Amino acid sequence: MIVLLGVLVVVIGFATKRNPLLVVGVAGIATGLLGGLSPGKVLAAFGNGFAGSRAVTIFAITLPVIGLLERYGLQEQARHLIARFARLTTGRFLALYLGLRQIGAAVGLTQVFGHAQTVRPLAVPMAEGAAERKYGQLPHRTREKIRSFSASADNVGLFFGEDVFLAVGSILLITGFVNTTYGTHLEPLQLALWAIPTAVCAFVIHGWRLLRLDRQLERELLTAHVHDTAVAEATK
């Protein structure tokens, strides 16, 4: 049971808002040492995990490219683009992004969209641009709210869309575990078909929440405008 102290390290690290990479690394080292592994074996485990998951390190290539694009005006161009579509509000745009993300994940294109390559450089500026076109300059709290909804659209679309794809890791893991443990013959197609109703429900529910965002923004920003006007009149 003592090896579970590594979980406690993760909880404390995240609760105190430490660097996630550092927290996970320290937790892994603590778990290995408490489990009786030598420092050399702990280091070897980290090395084997890194070598077996090299695809995860693709961010080392994508992030500098996205950084250069942002430096040369990618976010500004995204705001200019969304300004051309007068009827595309923040909520409608995010609902559209949710649908595209879910469809892409359902056909196996899980890496086409994502937080680093799409949400931060494109989706967030376009969602904020749609709100700025209607309400003008946005307060910091409103920007953070739009960003959180943008991230949620990506998360929900990926999570509930990828299970529709036959060759996704979770589907293969479930079928392999069930067939080996219970001696059944469960096919990935069966699980994928049952994931479709869940994906549709997720799109409808979260899409409705995204569309409600427009009303929330209107109520919050109009209230703030009335308050600022009242304060300005009182100080005259």
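Read the figures in this text as sums done on the coordinates, not as results from a lab. The structure displayed is predicted, hence computed values, not measured ones. Quick reminder, even Gly has a Cβ in these numbers, built from the backbone with ideal geometry, and neighbours come from all protein chains shown.
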Here the convex hull volume per residue of the range 105-236, taken over Cα atoms and given in Å³, is 120
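Express in nm, to one decimal, how much length is gained between Glu218 and Ala167 on full extension, taking 0.36 nm for each residue of separation and deducting their alpha carbon distance.
14.1 nm
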CD proxy, 222 nm, the chain: helix-only mean residue ellipticity via -39,500 (n - 2.57) per DSSP H run with n ≥ 4, per residue, nearest 500, stands at -25000 deg cm²/dmol
quick shape note, the range 3-52: Cα extents on principal axes in Å, largest first -> 29, 22, 14
Of the range 186-207, those with amide N under 17 Å from the point 7 Å along the Cα→Cβ vector of Ser152 are 201-207
Measuring from the longest principal axis of the C-alpha atoms of the chain, the long axis of helix 39-52 (C-alpha) lies at a number of degrees, nearest 10, equal to 60
Rounded to the nearest whole number, the per residue volume of the convex hull around the C-alpha atoms of the chain in Å³ is 195
Around Asp154 (Cβ within 13 Å, Cβ-to-Cβ, excluding Asp154; K/R +1, D/E -1) the net charge comes to +2
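Once fully extended, how much extra length lies between Arg141 and Ala44, figured as 0.36 nm per residue of separation less the alpha-carbon to alpha-carbon distance?
30.4 nm
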Answer in debye to the nearest 20: the dipole magnitude of the chain about its Cα centre, from +1 Lys/Arg and -1 Asp/Glu charges placed on Cβ, is 460
Rounded to the nearest 10 degrees, the helix 59-71 long axis (Cα) sits at an angle to the longest Cα principal axis of the chain of 10
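What is the sum of charges, Lys and Arg at +1 and Asp and Glu at -1, for the other residues whose Cβ falls under 15 Å from the Cβ of Phe85?
+3
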Using alpha-carbon coordinates alone, the radius of gyration and Dmax of the range 71-169 in Å work out to 14.0, 45
Helix 140-161 sits off the longest principal axis of the Cα atoms of the chain, rounded to the nearest 10 on a 0 to 90 degree scale, by 40
Other residues with Cβ under 15 Å from the Cβ of Ile29 give, with Lys and Arg +1 and Asp and Glu -1, a net charge of +2
Placing +1 on each Lys and Arg Cβ and -1 on each Asp and Glu Cβ in the chain, then taking the dipole about the Cα centre, the residue among Val156, Leu191, Leu88 whose Cα reaches farthest towards the positive end is Leu88
A chain fully extended from Gln111 to Tyr182 at 0.36 nm per residue, minus the present Cα-Cα distance, gains in nm 22.2 nm
